[in-house]
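**Student:** Shown below is the structure under consideration.
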Amino acid sequence: MHIIFRTKIKFLAVIIIVLIYLSAGCSKKKTTEPLPDSYESVTMLNQLEGNDGGFINTYAPVFISASDLRTIYLSDSTNTQLIVIDVRSNSDYANGHIQGSVNVQFHDLLNYFSSNNLKTYHDVVIVDFTGEKAAFAASLMQLGGYGNVSSLFWGLSSWHEDFNLWDMAVNNSKASIFSKEPIPKAFPGSMPKLGTGKSSAMDIINARIQTVLDEDFDKSVITNDSLFQNLAKYYIIQYSKYDEYLDYGHIPGSINYVPHNDFRLSAYLNTLPVEKPIVVYDYTGQISGYVTAYLRMLGYNANILLYGENGMIYDVLKSNGFPVWKITECKNYPYIK
């Protein structure tokens, strides 16, 4: 019995050695190992978040007022400290723009920034009509390493009344149906698969920025009327302090995510759904512009709720001291055609 047992052990040992040898031989034929699906997302996030949480989770958004922009504009006699990038259509730009501003189409932004070495300017200000598209663009450029970029708060509506779209946007149409019932965040899940084919963090980041810029910006926004037609279709995020979410109400079914904390990988970023469209809203839609650009860069189907709460509960915001559009925001500074 003992002899037979030992013989079996020796026989098994020989088989194991042969299998190890064959396995080693096969492994030598492999040149690359497939990367896990989460590799690009995690690699990019590690770069973006760094040690402090990164741009979105620390000091975003970065706004500049029309009056401050005008002051810098007038003091830059050599045109070397400030450049204004106008991301409106060619026809809108032709109908009127800030003197000296440069019209750059959305899909060309990353190339324009790198080709013209915009890191050498002290201030790069992106403008549009209402501030939301400019915020979206400024966020992407900040994420791409251009720390000198900001967006014009309230957009060109604050520069001159001829560009004013905010007057028609503010209303109280949804005030009566806002809810104060808190909704929990979703359970953690997987991160989006990006498929850039890149391996280094900055290559992945730049590839994702360009992908988002190549998309039609209008597909990154939604009106409140469209949203309220089918609230259950969307994962709706109210981006504010938690007490504001509770005290002043929110879109029914919306979920609170706290600025500068909840979109960290170590917090609640992975509670966002990969398959369901996301809608982000804040007071004006401009903070959402920064956040939505970030989420789309990460691979989420995120959308800005146009005009934010200014377009739904204007009087509530105004009476409680939150940012609201007022005609006094419009400075009527000169522009050219």
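Computed from the coordinates by the stated procedures, all read-outs in this text should not be read as laboratory data. Values in this document were obtained by computation on a predicted structure and should not be read as measured data. Positions of Cβ are backbone-derived with ideal geometry, glycine not excepted, and every protein chain shown enters the neighbour counts.
**Student:** Using only Cα atoms, locate the centre of the range 126-202 and the centre of the range 280-300, then give the distance between them in Å, rounded to an integer.
**Tutor:** Result: 4 Å between the Cα centres.
**Student:** I'd like the orientation of helix 201-214 relative to the chain: the angle between its Cα long axis and the longest Cα principal axis, in ° from 0 to 90, rounded to 10.
**Tutor:** With rounding to tens, the tilt is 50 degrees.
**Student:** While we're on this one: Measure nothing fancy, just the Cα-based angle from helix 2-29's long axis to the longest principal axis of the chain, in degrees from 0 to 90, nearest 10.
**Tutor:** 40
**Student:** A further question on this structure: In debye to the nearest 20, how big a dipole does the range 42-167 give about its Cα centre with +1 on each Lys and Arg Cβ and -1 on each Asp and Glu Cβ?
**Tutor:** 280
**Student:** Right, next: Enumerate the calculated ³J(HN,Hα) couplings along the range 44-61 in order (Karplus 6.51 cos²θ - 1.76 cosθ + 1.60, θ = phi - 60°), each rounded to whole Hz, writing x wherever the residue is Gly or Pro.
**Tutor:** 5, 5, 4, 6, 5, 7, x, 9, 10, x, x, 4, 5, 9, 10, 10, 5, x
**Student:** Separate question: Give Lys119/Lys185; Lys133/Lys326; Lys198/Lys276; Lys198/Lys219 a once-over and call out the pairs whose C-alpha atoms are over 28 Å from each other.
**Tutor:** From the list (Lys119/Lys185; Lys133/Lys326; Lys198/Lys276; Lys198/Lys219), the Cα-Cα distance tops 28 Å for Lys119/Lys185.
**Student:** How large are Rg and Dmax for the chain when calculated on the C-alpha trace, in angstrom?
**Tutor:** For the chain, the Cα radius of gyration and maximum Cα-Cα distance read 25.5, 103 Å.
**Student:** Further question on the same structure: Any idea what angle helix 132-143 forms with the longest principal axis of the chain, computed on alpha-carbon atoms, 0 to 90 degrees, nearest 10?
**Tutor:** The helix 132-143 is inclined about 40 degrees to the chain.
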